[in-house]
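To start, the structure itself, in structure tokens.
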Amino acid sequence: MLPAVFDFLNGPVRDLVTQVYEAVGYLGVALWVAIESVIVPIPSELVLPFAGFLVGEGDAIEPLTGGPWSYWLVVLAGTLGATAGSLVAYGIGAWGGRPILERWGRYLGITNADLDKADAFFLRYGDAASFFGRMIPVIRSLVSFAAGISHMPLGRFTLFSFLGSLPFTALLVFAGVQLGANWETIGGFLKQFEYAILAVIGVVVLAWIWLRIIKPRRAARPA
């Protein structure tokens, strides 16, 4: 199933990304990365290396400027797009996250005390979480929702999300420049990394359900 998903992303999605790049250039880079940052499956592992490939070609024309694609303008567009998308995710978490968890979280074993601990975590480590979290596939989207739920100060969240997105974006674009026509290989490599992260998250979720829901209910049953 997973290879089929990647084939879909590497086929129709790639074609759509190409069309947008041909129409709006750098704005398209910012758009796709912003969408991906709100956890919609348009992976940066495809859109940024492809933009890097266009940079490396040298003769590919960026439609907005009418000149060759620039490495640093691609990096800037991708970083701004990632920051904008992270702000949308932050807003969703800040607007609806905590009220929903306060009302329905008890069915998942999430208490107000747990939410208070999350608030305390982001109060103490929010800068580092926003910075380093933006460099890790999958986590880079989830951390924005968590920061919003905990109402991390918006200015600091925006600053460290931008700073964390910058090296991640620069690396993927640089990989596309270096790999040239083989830019797609970076997507396949990072997808395997993402699957490993998802597997770890799955194990953590299952452990949480066992420890916070199933095990206490079993213990509460009358002998």
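The values are calculated or read from the model by the stated rules, or taken from the named source; none is laboratory data. Note that this is a predicted model, so its numbers are computed, not measured. Here the Cβ is made from the backbone with ideal geometry for all residues, glycine too, and neighbour counts use every protein chain on show.
Structure summary
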item	result
Inter-residue pairs, beta-carbon under 6 Å, first of a type in the set (A, V, I, L, M) and surrounded by fewer than 21 Cβ atoms within 10 Å (Cβ to Cβ) and in region 121-150, second in a helix (DSSP H, G or I) and modelled with pLDDT of 80 or more, 6+ apart	135/164; 135/168; 139/133
Residue check, residue 78 modelled with pLDDT of 85 or more, within 20 Å of residue 130 (Cα to Cα), in contact with an Asp or Glu (Cβ under 7 Å, 6 or more places away or on another chain) and of a type in the set (Gly, Ala, Ser)	no
Hey, residue 79 buried (at least 24 other Cβ atoms within 10 Å of the Cβ) and not hydrophobic (A, V, I, L, M, F, W, C) or not	yes
Complete set of residues in region 151-166 that are in contact with a Gly (Cβ under 8 Å, 6 or more places away or on another chain) and surrounded by fewer than 17 Cβ atoms within 10 Å (Cβ to Cβ)	153, 156
Count of residues meeting criterion [part of a helix (DSSP H, G or I), over 30 Å from residue 151 (Cβ atoms) and without any contact (Cβ under 8 Å) to a residue 40 or more places away in the chain] in region 58-99	1
Helices (runs of 4 or more DSSP H) fully within region 1-55 counting 1 or more residues that are at pLDDT 80 or above	14-24, 26-37
Hits in region 147-167 (condition: under 16 Å from the mean Cα position of the chain (by Cα) and modelled with pLDDT under 90)	147, 148
